[in-house]
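Peer 1: Just passing along the structure, written as structure tokens.
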Amino acid sequence: MSVAIIGCGWLGKALAKTLQADGIDVLGTCQSEASTKALTELSISAMPLSLPLVAPLTGPHLAKLTKHSTWIIAITPQLRKGRVDYPEKIAQLVELAVKCQIRRLILVSSTAVLNGLTGAVDEQAVIDESAPKVAILSEAEQLVLTQNNQQMQTAVLRLAGLVGEDRHPGRFFRAGKSYSQGKAPVNLIHQCDAVGLLKALVNVEVISGIYHGVSETDVTKAEFYAQAAIALGQPTPSFIVTERDQRQKRIVGRNTCQRLDYEFQEPDLVLWLKRSANG
């Protein structure tokens with residue numbers, strides 16, 4: 001088995017090391033030569049791949065990608081930077097995957113595509129595309145999902161906000177500033193479980209459709225980030241609380257865990273925070 005991780009950043013590096021430990025041949029791609037070099041220094045086979053493509057991919061780089069039967073697209077949409085070309089990049093990669101006769105294509109998406117929804121939101125939820133950023137993410141997902149056929153299995157894994165040992169949520173907020181949605185549910189996932197779900201999608205016999213990656217942490221944002229600050233010995237952030245907060249979305253992924261027979265390593269991130277404070 002062989003896997004190409006297109007956009008091998010913080011999450012991709014952790015996934016690459018995990019797959020390599022299982023004896024899987026891994027290739028990581030990066031936008032820049034410097035990032036590519038950093039991957040090779042971690043003993044991860046790497047090549048530069050700048051998106052969007054300005055010319056068809058040919059030669060050794062195309063040959064490298066073609067030899068990997070599973071592709072995981074983990075590029076960031078960069079919506080906060082004002083970029084709107086995410087669907088263009090995904091369309092180019094989908095076209096390339098078809099050309100290379102890839103057997104399995106997995107898009108790492110974001111639960112931000114569910115913005116505008118309220119209450120418990122599962123994998124079957126109907127997207128509200130009235131917001132431009134949501135429409136961009138949804139278009140990219142559909143480009144992948146509509147290619148699912150006998151020649152190539154495709155799937156989308158929507159990940160909640162990522163945390164980890166070197167991405168501690170206690171550092172997400174600045175002291176002295178007030179933040180909104182204090183009573184809203186917290187939707188996060190630990191890096192180890194994001195990696196675990198992707199590994200399951202690589203190994204399971206059949207994949208299709210949408211999967212959700214989110215922990216079962218059942219507290220409000222104000223409660224969670226107060227605990228996160230305490231874990232680092234920092235002042236707790238201040239949150240503005242409104243009645244509307246309680247109607248915000250609570251993302252659920254029980255169906256994903258059942259389909260992939262996956263058990264979370266960090267199902268309750270409050271317990272993880274408390275362990276990190278003691279460790």
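The values are calculated or read from the model by the stated rules, or taken from the named source; none is laboratory data. Keep in mind the model is a prediction, meaning the values are calculated, not measured. Because the Cβ atoms are built from the backbone with ideal geometry, glycine has one as well, and the counts that use them run over all protein chains shown.
Peer 1: Going through 138, 130 one at a time, which residue ends up being part of a loop (DSSP other than H, G, I, E, B), of a type in the set (Ser, Thr, Tyr) and out of contact with any His (no Cβ under 8 Å at 6 or more places or on another chain)?
Peer 2: From the options 138, 130, the qualifying one is 130.
Peer 1: Something else: Among (1) within 20 Å of the chain's Cα centre (by Cα); (2) at pLDDT 95 or above, where does residue 102 come up short?
Peer 2: For residue 102, the exception is condition (1).
Peer 1: Can you name every residue in the range 223-247 that is in contact (Cβ under 8 Å) with a residue 60 or more places away in the chain, touching a strand residue (DSSP E or B) at 6+ places or on another chain (Cβ under 9 Å) and crowded, with 20+ Cβ neighbours inside 10 Å?
Peer 2: If the condition is that a residue be in contact (Cβ under 8 Å) with a residue 60 or more places away in the chain, touching a strand residue (DSSP E or B) at 6+ places or on another chain (Cβ under 9 Å) and crowded, with 20+ Cβ neighbours inside 10 Å, then 228, 237, 239 are the ones that fit.
Peer 1: Right, something else. State whether the residues of the range 7-26 include one that is surrounded by fewer than 16 Cβ atoms within 10 Å (Cβ to Cβ), part of a helix (DSSP H, G or I) and at pLDDT below 95.
Peer 2: Among the residues of the range 7-26, not one is surrounded by fewer than 16 Cβ atoms within 10 Å (Cβ to Cβ), part of a helix (DSSP H, G or I) and at pLDDT below 95, which makes the answer no.
Peer 1: Still on this structure: Pull up the range 158-172, narrow it to residues that are farther than 23 Å from residue 1 by Cβ, crowded, with 21+ Cβ neighbours inside 10 Å and not small (Gly, Ala, Ser), then point me to the one that is farthest from the chain's Cα centre (by Cα).
Peer 2: 169
Peer 1: So, one more: Identify the residue in the range 173-199 that is in contact with a Leu (Cβ under 7 Å, 6 or more places away or on another chain) and outside any helix (DSSP H, G or I) and, among all such residues, is surrounded by the most Cβ atoms within 10 Å (Cβ to Cβ).
Peer 2: Within the range 173-199, the match that is surrounded by the most Cβ atoms within 10 Å (Cβ to Cβ) is 189.
Peer 1: Still on this structure, please answer the following. Restricting the search to the range 109-165, which residues are charged (D, E, K, R) and touching a strand residue (DSSP E or B) at 6+ places or on another chain (Cβ under 6 Å)?
Peer 2: 123, 141, 158
Peer 1: Okay, moving on. What's the number of the condition residue 222 fails, among (1) of a type outside the set (S, T, N, Q); (2) in contact with a helix residue (DSSP H, G or I) (Cβ under 7 Å, 6 or more places away or on another chain); (3) within 17 Å of residue 181 (Cβ to Cβ)?
Peer 2: (2)
Peer 1: Can you name the residue in the range 200-217 that is in a loop (DSSP other than H, G, I, E, B) and not hydroxyl-bearing (Ser, Thr, Tyr) and, of all such residues, is surrounded by the most Cβ atoms within 10 Å (Cβ to Cβ)?
Peer 2: 214
Peer 1: Here is a further query. Within the range 61-108, take every residue that is assigned to a strand (DSSP E or B) and not polar (S, T, N, Q) and give me the one that is surrounded by the fewest Cβ atoms within 10 Å (Cβ to Cβ).
Peer 2: 104
Peer 1: Okay, moving on. In the range 248-279, what residues are among the polar types (S, T, N, Q) and in contact (Cβ under 8 Å) with a residue 60 or more places away in the chain?
Peer 2: Within the range 248-279, 248, 255, 256, 265, 276 meet the criteria.
Peer 1: Residues being of a type outside the set (Gly, Ala, Ser) and surrounded by 16 or more Cβ atoms within 10 Å (Cβ to Cβ): count how many of those fall in the range 32-52.
Peer 2: Count: 6.
Peer 1: Follow-up. Within the range 250-271, does at least one residue satisfy the condition of being assigned to a strand (DSSP E or B), surrounded by 14 or more Cβ atoms within 10 Å (Cβ to Cβ), among the charged types (D, E, K, R) and within 18 Å of the chain's Cα centre (by Cα)?
Peer 2: The answer is yes; a qualifying residue exists.
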